[in-house]
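Q: This is the structure, below, for whatever I ask next.
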Amino acid sequence: MPRPKPAARRRIMHIVEALPEGVAKPVLTHLCLEVRGKCFGWYMDNHHGDGRLQLNCKAQPGKSHALAARFPGVFHIPAYVGNKGWIGVWLDVPGVDWKLLKVLLTEAYCFVAPARLLQLLEAGESPPAAADFGKLSLRRR
């Protein structure tokens, strides 16, 4: 019997689909987060039978290791893509910071989105401030 889809899945889909041409594409129990066919993140439910909920997404250079070292119960370096600078966020822990997740997802989106879509994003409402995790820039790195 399939597990019910957790609220975290719906929240991730809502954040991604609010981005210009952002798509949360179902892949088995996971979601591939992409824009125009380019992946910028994964929502993972029970990946390889680990029983965990997690979000893995592209991140600024150095951010993933800094966050994982400072907050190991919340952030981790994901398998396979961690060596490429991606950050992992556990979604099955108490007190998930959804404002920070929105910032991380918006930042990840900006790594792969075409310039025209970044212009649309900039013309709209700005994403929330990234607090002490560094100022969010919508410019291509």
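The values are calculated or read from the model by the stated rules, or taken from the named source; none is laboratory data. Fair warning: this is a prediction, and the values are worked out from it, not measured in the lab. When we count neighbours, we look across all protein chains shown, and the Cβ atoms used for this are built from the backbone with ideal geometry, even at glycine.
Q: Considering only the stretch 70-96, how many residues are over 17 Å from residue 45 (Cα atoms) and not in a loop (DSSP other than H, G, I, E, B)?
A: Going through the stretch 70-96 one residue at a time, the tally reaches 4.
Q: Among 104, 67, which is closer than 19 Å to residue 9 by Cβ and either surrounded by fewer than 16 Cβ atoms within 10 Å (Cβ to Cβ) or not charged (D, E, K, R) (or both)?
A: Step by step, each of 104, 67 is checked, and only 104 is closer than 19 Å to residue 9 by Cβ and either surrounded by fewer than 16 Cβ atoms within 10 Å (Cβ to Cβ) or not charged (D, E, K, R) (or both).
Q: Further question: Consider residue 127 carefully, then state whether it is in contact with a Gly (Cβ under 7 Å, 6 or more places away or on another chain), surrounded by 20 or more Cβ atoms within 10 Å (Cβ to Cβ) and at pLDDT below 90. Talk me through it step by step, then tell me what you get.
A: On the way: in contact with a Gly (Cβ under 7 Å, 6 or more places away or on another chain): no; surrounded by 20 or more Cβ atoms within 10 Å (Cβ to Cβ): yes; at pLDDT below 90: yes.
When the stated conditions are applied, residue 127 does not pass them.
Q: Oh, and also: Within the stretch 78-101, count every residue that is touching a helix residue (DSSP H, G or I) at 6+ places or on another chain (Cβ under 6 Å) and farther than 10 Å from residue 59 by Cβ.
A: Number of matching residues: 1.
Q: Go through the stretch 97-113 residue by residue and tally those that are small (Gly, Ala, Ser) and not in a helix (DSSP H, G or I).
A: At the first step, the residues of the stretch 97-113 found to be small (Gly, Ala, Ser) are 108, 113.
In the following step, the residues that additionally are not in a helix (DSSP H, G or I) were identified as 113.
Here the count works out to 1.
Q: So, of the residues in the stretch 38-60 that are in contact with a Lys or Arg (Cβ under 8 Å, 6 or more places away or on another chain) and in contact (Cβ under 8 Å) with a residue 60 or more places away in the chain, which turns out to be surrounded by the fewest Cβ atoms within 10 Å (Cβ to Cβ)?
A: 60
Q: Considering only the stretch 42-65, how many residues are part of a helix (DSSP H, G or I) and among the hydroxyl-bearing types (Ser, Thr, Tyr)? Before you say what the answer is, go through the steps one by one.
A: Start the filter on the stretch 42-65 by keeping residues that are part of a helix (DSSP H, G or I), which leaves 47-49, 63-65.
Pick out the ones that are also among the hydroxyl-bearing types (Ser, Thr, Tyr) and you get 64.
Adding up the residues that qualify gives 1.
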